[in-house]
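Chemist: One structure coming up, written as structure tokens, with questions to follow.
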Amino acid sequence: MMVPPDGLKVRISISDPWDFYTENGSVATGRIVGVSEGTSCLRPEFKIELDAPLKQKELAAKEVFARLRHRNDTIDLLSSGERVSCNFSNCPDEEWGRRQPEARMGFIGSLQLEFL
């Protein structure tokens, strides 16, 4: 399993929820600044520093955490340049349940490495 190194540029395509898409547009860009095992070594969590903050109501996030969404989405697939489906949030997976609902931001989309 090949893990994308820190610092790689990524493109995030935002698909859902609709109001999040409407407020932020369909695409965000950033770079990977950390990779952790998350809740499963098969489903790592990518910490992404955004080029521009994403907003949801009163919240603004300068970084998001991405977790692979489907079994057939793998790190190898992401590393090869393919787009993979992800769940995104403004906090690591382990913190999600401890945050108040009004302090949580989440959306669905896809992640793809940007090759220069």
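Chemist: At 1.4 Å probe size, put Arg98, Arg31 in order of accessible surface, largest to smallest.
Modeler: Arg98, Arg31
Chemist: Run lengths n ≥ 4 of DSSP H only: what is the helix-derived mean residue ellipticity at 222 nm for the chain, with -39500 (n - 2.57) per run over all residues, to the nearest 500?
Modeler: Dividing the helical sum by the residues of the chain leaves -3000 deg cm²/dmol.
Chemist: What does the extension gain come out to for Thr22 and Ala103, with contour length at 0.36 nm per residue minus their alpha carbon separation?
Modeler: So the chain would gain 27.2 nm between Thr22 and Ala103.
Chemist: For every other residue with a beta carbon closer than 12 angstrom to the beta carbon of Leu50, add +1 if it is Lys or Arg and -1 if Asp or Glu, then tell me the sum.
Modeler: So the environment of Leu50 carries a net charge of +3.
Chemist: Between Glu37 and Ser79, with labels modelled 7 Å along Cα→Cβ, what's the label distance in nm to one decimal, could you check?
Modeler: So the two model labels end up 1.8 nm from each other.
Chemist: Rounded to the nearest 0.05, what FRET efficiency is calculated for Phe115 and Glu49 with R0 set to 25 Å and r the Cβ-Cβ distance?
Modeler: 0.85
Chemist: Which value, in Å², gives the accessible area per residue of the stretch 66-110 when a 1.4 Å probe is used on the protein heavy atoms?
Modeler: So the stretch 66-110 comes to 54 Å² accessible per residue, rounded to a whole number.
Chemist: Can you give me the three principal axis dimensions of the stretch 8-88 from its C-alpha atoms, in Å, biggest first?
Modeler: If we take the Cα atoms of the stretch 8-88, the spans are 33, 23, 22 Å.
The values are calculated or read from the model by the stated rules, or taken from the named source; none is laboratory data. The structure presented is a predicted model; accordingly, all values stated were derived computationally and were not measured. Glycine gets a Cβ as well: all are built from the backbone with ideal geometry, and neighbour counts include every protein chain shown. Note: areas computed on protein heavy atoms with side chains; ligands, DNA, RNA excluded. Shrake-Rupley method; radii C 1.70, N 1.55, O 1.52, S 1.80 Å.
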